[in-house]
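Here the structure comes first, spelled out in C-alpha coordinates, and everything after it is commentary.
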Amino acid sequence: MPVYDEEKTVAAAVRAVLAQPLVAELICVDDCSRDGSLGILESLAAGEPRMRVASHPVNLGKGAALRTGISLATAPYVIIQDADLEYDPRDYAKILCPILENRADVVFGSRFLGSEAHRVLYFWHSIGNRFLTLLSNMFTNLNLSDMETCYKAFRRDLIQGIPIEENRFGFEPEITAKVARRGVRIYEVAISYYGRTYAEGKKINWKDGFSAIRCILKYGIPALLR
(Lines give C-alpha, C1' and ligand atoms only; values in the text may rest on other atoms or scores of the structure.)
Protein backbone atom coordinates (compact mmCIF):
# COMPACT_ATOMS: atom_id res chain seq x y z
CA MET A 1 0.00 0.00 0.00
CA PRO A 2 1.68 3.23 -1.15
CA VAL A 3 0.69 6.18 1.04
CA TYR A 4 1.06 9.90 0.44
CA ASP A 5 -0.95 12.48 2.40
CA GLU A 6 -3.88 10.17 3.10
CA GLU A 7 -4.49 10.82 6.81
CA LYS A 8 -8.26 11.07 6.24
CA THR A 9 -8.61 7.58 4.77
CA VAL A 10 -5.51 5.51 5.55
CA ALA A 11 -6.71 4.09 8.90
CA ALA A 12 -9.98 2.90 7.38
CA ALA A 13 -8.11 1.48 4.37
CA VAL A 14 -5.69 -0.44 6.59
CA ARG A 15 -8.52 -1.87 8.70
CA ALA A 16 -10.45 -2.89 5.59
CA VAL A 17 -7.40 -4.72 4.21
CA LEU A 18 -6.60 -6.49 7.47
CA ALA A 19 -10.23 -7.60 7.81
CA GLN A 20 -9.82 -9.84 4.76
CA PRO A 21 -9.08 -13.49 5.69
CA LEU A 22 -6.70 -13.93 2.74
CA VAL A 23 -4.32 -11.19 3.92
CA ALA A 24 -1.15 -12.66 5.40
CA GLU A 25 0.79 -9.37 5.51
CA LEU A 26 0.26 -5.70 4.76
CA ILE A 27 3.24 -3.59 3.77
CA CYS A 28 2.61 0.15 3.83
CA VAL A 29 5.15 2.54 2.32
CA ASP A 30 4.79 6.17 3.32
CA ASP A 31 6.21 8.33 0.53
CA CYS A 32 7.28 11.28 2.72
CA SER A 33 3.76 12.41 3.60
CA ARG A 34 3.41 16.00 4.80
CA ASP A 35 0.40 15.23 6.98
CA GLY A 36 -0.08 12.72 9.78
CA SER A 37 -0.20 9.60 7.58
CA LEU A 38 3.08 8.10 8.81
CA GLY A 39 2.15 8.51 12.46
CA ILE A 40 -1.20 6.82 11.86
CA LEU A 41 0.50 3.91 10.09
CA GLU A 42 3.05 3.43 12.86
CA SER A 43 0.31 3.50 15.49
CA LEU A 44 -1.72 0.88 13.64
CA ALA A 45 1.32 -1.34 13.08
CA ALA A 46 2.26 -1.30 16.76
CA GLY A 47 -0.54 -3.69 17.60
CA GLU A 48 -0.73 -5.68 14.36
CA PRO A 49 1.88 -8.38 13.65
CA ARG A 50 0.78 -8.72 10.01
CA MET A 51 1.55 -5.08 9.26
CA ARG A 52 4.89 -3.47 8.40
CA VAL A 53 5.63 0.17 7.68
CA ALA A 54 8.45 1.58 5.56
CA SER A 55 9.01 5.24 4.71
CA HIS A 56 10.86 7.35 2.17
CA PRO A 57 12.86 10.37 3.41
CA VAL A 58 11.85 12.31 0.27
CA ASN A 59 8.75 12.10 -1.92
CA LEU A 60 9.50 9.85 -4.91
CA GLY A 61 6.09 8.82 -6.26
CA LYS A 62 3.71 5.87 -6.30
CA GLY A 63 5.94 3.67 -8.47
CA ALA A 64 8.87 4.16 -6.10
CA ALA A 65 6.69 3.29 -3.11
CA LEU A 66 5.49 0.14 -4.87
CA ARG A 67 9.07 -0.81 -5.72
CA THR A 68 9.95 -0.59 -2.01
CA GLY A 69 6.86 -2.47 -0.87
CA ILE A 70 7.15 -5.27 -3.42
CA SER A 71 10.79 -5.84 -2.49
CA LEU A 72 9.73 -6.39 1.15
CA ALA A 73 6.89 -8.84 0.40
CA THR A 74 7.20 -12.41 1.66
CA ALA A 75 3.70 -13.83 1.07
CA PRO A 76 3.27 -15.95 -2.10
CA TYR A 77 0.92 -13.44 -3.79
CA VAL A 78 0.99 -9.64 -4.00
CA ILE A 79 -1.97 -7.27 -4.48
CA ILE A 80 -1.55 -3.54 -5.04
CA GLN A 81 -3.85 -1.51 -2.76
CA ASP A 82 -4.21 2.28 -2.64
CA ALA A 83 -4.82 4.09 0.65
CA ASP A 84 -7.72 6.23 -0.59
CA LEU A 85 -10.66 3.79 -0.34
CA GLU A 86 -11.48 4.01 -4.05
CA TYR A 87 -11.06 0.23 -4.25
CA ASP A 88 -12.73 -2.31 -1.98
CA PRO A 89 -10.57 -5.01 -0.33
CA ARG A 90 -13.63 -7.25 -0.18
CA ASP A 91 -12.84 -7.95 -3.86
CA TYR A 92 -9.59 -9.74 -2.93
CA ALA A 93 -11.06 -13.24 -3.04
CA LYS A 94 -12.42 -12.62 -6.52
CA ILE A 95 -9.12 -11.14 -7.73
CA LEU A 96 -6.97 -13.93 -6.32
CA CYS A 97 -9.22 -16.78 -7.44
CA PRO A 98 -7.65 -17.31 -10.92
CA ILE A 99 -4.15 -17.37 -9.36
CA LEU A 100 -5.12 -19.70 -6.51
CA GLU A 101 -6.70 -22.06 -9.03
CA ASN A 102 -3.46 -21.99 -11.07
CA ARG A 103 -5.17 -20.47 -14.09
CA ALA A 104 -3.33 -17.12 -13.96
CA ASP A 105 -0.04 -15.54 -12.96
CA VAL A 106 -1.35 -11.96 -13.02
CA VAL A 107 -4.89 -10.64 -12.48
CA PHE A 108 -6.16 -7.15 -13.30
CA GLY A 109 -9.24 -5.90 -11.48
CA SER A 110 -11.31 -4.11 -14.12
CA ARG A 111 -13.58 -1.17 -13.36
CA PHE A 112 -15.19 -1.52 -16.79
CA LEU A 113 -16.30 -5.16 -16.72
CA GLY A 114 -19.44 -6.66 -15.24
CA SER A 115 -22.09 -5.05 -13.08
CA GLU A 116 -20.24 -4.17 -9.87
CA ALA A 117 -21.01 -0.88 -8.10
CA HIS A 118 -19.29 2.24 -9.47
CA ARG A 119 -19.50 5.82 -8.33
CA VAL A 120 -20.46 8.10 -11.23
CA LEU A 121 -17.77 10.74 -11.75
CA TYR A 122 -15.68 12.26 -14.53
CA PHE A 123 -16.56 11.55 -18.18
CA TRP A 124 -13.19 12.66 -19.55
CA HIS A 125 -11.32 10.51 -17.02
CA SER A 126 -13.16 7.45 -18.27
CA ILE A 127 -12.39 8.39 -21.89
CA GLY A 128 -8.74 8.93 -20.98
CA ASN A 129 -8.51 5.58 -19.21
CA ARG A 130 -10.03 3.76 -22.15
CA PHE A 131 -7.72 5.53 -24.61
CA LEU A 132 -4.62 4.66 -22.58
CA THR A 133 -5.79 1.05 -22.30
CA LEU A 134 -6.37 0.87 -26.06
CA LEU A 135 -2.94 2.33 -26.78
CA SER A 136 -1.30 -0.07 -24.32
CA ASN A 137 -3.13 -3.02 -25.89
CA MET A 138 -1.88 -2.03 -29.34
CA PHE A 139 1.73 -2.36 -28.16
CA THR A 140 1.30 -5.40 -25.88
CA ASN A 141 -1.20 -7.36 -28.00
CA LEU A 142 -3.42 -7.81 -24.94
CA ASN A 143 -7.17 -7.24 -24.80
CA LEU A 144 -7.41 -5.62 -21.38
CA SER A 145 -10.35 -3.38 -20.57
CA ASP A 146 -8.63 -1.43 -17.74
CA MET A 147 -4.84 -1.14 -17.87
CA GLU A 148 -4.80 1.80 -15.43
CA THR A 149 -6.54 -0.06 -12.62
CA CYS A 150 -4.91 -0.01 -9.19
CA TYR A 151 -5.94 -3.58 -8.42
CA LYS A 152 -3.33 -5.86 -9.90
CA ALA A 153 -2.40 -9.19 -8.32
CA PHE A 154 0.78 -11.15 -9.02
CA ARG A 155 2.62 -14.26 -8.01
CA ARG A 156 5.31 -12.83 -5.75
CA ASP A 157 8.17 -14.62 -7.51
CA LEU A 158 7.04 -13.07 -10.79
CA ILE A 159 6.64 -9.45 -9.66
CA GLN A 160 9.85 -9.49 -7.63
CA GLY A 161 11.71 -10.62 -10.73
CA ILE A 162 10.59 -7.60 -12.77
CA PRO A 163 12.63 -4.39 -12.36
CA ILE A 164 10.34 -1.39 -11.77
CA GLU A 165 11.82 1.77 -13.26
CA GLU A 166 9.03 4.33 -13.09
CA ASN A 167 8.70 6.40 -9.91
CA ARG A 168 5.26 7.86 -10.46
CA PHE A 169 2.00 6.69 -12.06
CA GLY A 170 3.92 5.28 -15.02
CA PHE A 171 4.06 2.05 -13.01
CA GLU A 172 0.76 0.92 -14.56
CA PRO A 173 1.75 0.91 -18.27
CA GLU A 174 5.28 -0.19 -17.40
CA ILE A 175 4.27 -3.29 -15.46
CA THR A 176 1.58 -4.13 -18.04
CA ALA A 177 4.13 -4.08 -20.86
CA LYS A 178 6.65 -6.08 -18.87
CA VAL A 179 4.31 -8.88 -17.84
CA ALA A 180 2.99 -9.04 -21.41
CA ARG A 181 6.53 -9.40 -22.71
CA ARG A 182 7.07 -12.38 -20.42
CA GLY A 183 4.14 -14.27 -21.89
CA VAL A 184 2.55 -15.03 -18.52
CA ARG A 185 -1.11 -15.90 -18.01
CA ILE A 186 -3.14 -12.71 -17.47
CA TYR A 187 -6.78 -12.57 -16.35
CA GLU A 188 -9.26 -9.78 -15.67
CA VAL A 189 -12.09 -9.80 -13.14
CA ALA A 190 -14.80 -7.20 -12.52
CA ILE A 191 -14.38 -5.05 -9.41
CA SER A 192 -16.32 -2.27 -7.71
CA TYR A 193 -14.97 1.28 -7.73
CA TYR A 194 -15.69 4.26 -5.48
CA GLY A 195 -13.77 7.09 -7.12
CA ARG A 196 -12.92 10.34 -5.36
CA THR A 197 -13.30 13.91 -6.53
CA TYR A 198 -10.35 16.30 -6.47
CA ALA A 199 -11.95 18.02 -3.49
CA GLU A 200 -11.83 14.67 -1.69
CA GLY A 201 -8.12 14.22 -2.42
CA LYS A 202 -7.77 12.69 -5.88
CA LYS A 203 -4.18 13.28 -7.09
CA ILE A 204 -3.79 12.03 -10.67
CA ASN A 205 -4.10 14.73 -13.36
CA TRP A 206 -3.71 15.37 -17.09
CA LYS A 207 0.10 15.50 -16.81
CA ASP A 208 0.07 11.90 -15.61
CA GLY A 209 -1.91 10.99 -18.74
CA PHE A 210 0.87 12.30 -20.97
CA SER A 211 3.41 10.47 -18.79
CA ALA A 212 1.43 7.27 -19.30
CA ILE A 213 1.63 7.71 -23.08
CA ARG A 214 5.40 8.16 -22.78
CA CYS A 215 5.65 4.95 -20.74
CA ILE A 216 3.45 2.98 -23.16
CA LEU A 217 5.81 3.94 -25.98
CA LYS A 218 8.97 3.45 -23.91
CA TYR A 219 8.11 -0.08 -22.74
CA GLY A 220 5.83 -1.12 -25.59
CA ILE A 221 8.04 -0.41 -28.59
CA PRO A 222 10.79 -2.87 -27.51
CA ALA A 223 8.12 -5.58 -27.29
CA LEU A 224 7.02 -4.87 -30.85
CA LEU A 225 10.60 -5.05 -32.12
CA ARG A 226 11.29 -8.46 -30.60
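Evaluating residue 63 against the criteria (1) out of contact with any helix residue (DSSP H, G or I) (no Cβ under 8 Å at 6 or more places or on another chain); (2) closer than 27 Å to residue 157 by Cβ leaves one unmet condition, (1).
As a summary of the residue check, residue 8 satisfies the conditions (1) part of a helix (DSSP H, G or I); (2) at pLDDT below 95 except for the one numbered (1). Scanning the range 22-43 for residues that are in contact (Cβ under 8 Å) with a residue 24 or more places away in the chain, surrounded by fewer than 19 Cβ atoms within 10 Å (Cβ to Cβ) and either under 9 Å from residue 83 (Cβ atoms) or not small (Gly, Ala, Ser) (or both) gives 22, 23, 25, 32, 34, 35. Counting only helices (runs of 4 or more DSSP H) that sit wholly inside the range 124-226, those with at least 2 residues that are modelled with pLDDT of 95 or more and under 25 Å from residue 113 (Cα atoms) are 171-181.
Restricted to the range 72-102, and to residues there that are of a type in the set (A, V, I, L, M, F, W, C) and in contact with a Cys (Cβ under 9 Å, 6 or more places away or on another chain), the residue that is surrounded by the most Cβ atoms within 10 Å (Cβ to Cβ) is 83.
Hey, residue 102 hits all of (1) of a type outside the set (A, V, I, L, M); (2) part of a loop (DSSP other than H, G, I, E, B); (3) over 19 Å from residue 25 (Cβ atoms); (4) touching a Leu at 6+ places or on another chain (Cβ under 7 Å) but one; which does it fall short on? Result: residue 102 fails condition (4) only. Within the range 55-90, the set of residues being aromatic (Phe, Trp, Tyr) and either farther than 17 Å from residue 27 by Cβ or assigned to a loop (DSSP other than H, G, I, E, B) (or both) comprises just one member, 87.
Give me the residue from the range 105-123 that is at pLDDT 85 or above and outside any strand (DSSP E or B) and, out of that set, nearest to residue 218 (Cα to Cα). Spell out the reasoning first.
Start the filter on the range 105-123 by keeping residues that are at pLDDT 85 or above, which leaves 105-113.
Subsequent filtering for residues that are outside any strand (DSSP E or B) retains 105, 111-113.
Values: 105: 24, 111: 25, 112: 26, 113: 28 Å.
Within the range 105-123, the match that is nearest to residue 218 (Cα to Cα) is 105.
Put simply, of 26, 44, 22, 60 the only residue that is over 27 Å from residue 165 (Cα atoms) and under 18 Å from the mean Cα position of the chain (by Cα) is 22.
Would you check if residue 93 is within 26 Å of residue 146 (Cβ to Cβ), in a helix (DSSP H, G or I) and touching a Phe, Trp or Tyr at 6+ places or on another chain (Cβ under 9 Å)? Break it down into steps so the answer makes sense when it comes.
Details: within 26 Å of residue 146 (Cβ to Cβ): yes; in a helix (DSSP H, G or I): yes; touching a Phe, Trp or Tyr at 6+ places or on another chain (Cβ under 9 Å): no.
Against the criterion (within 26 Å of residue 146 (Cβ to Cβ), in a helix (DSSP H, G or I) and touching a Phe, Trp or Tyr at 6+ places or on another chain (Cβ under 9 Å)), residue 93 does not qualify.
The values are calculated or read from the model by the stated rules, or taken from the named source; none is laboratory data. Just so it is clear, the structure is predicted and the values come from calculations on it, not from any experiment. Glycine also receives a Cβ, built like all others from the backbone with ideal geometry; neighbour counts cover every protein chain displayed.
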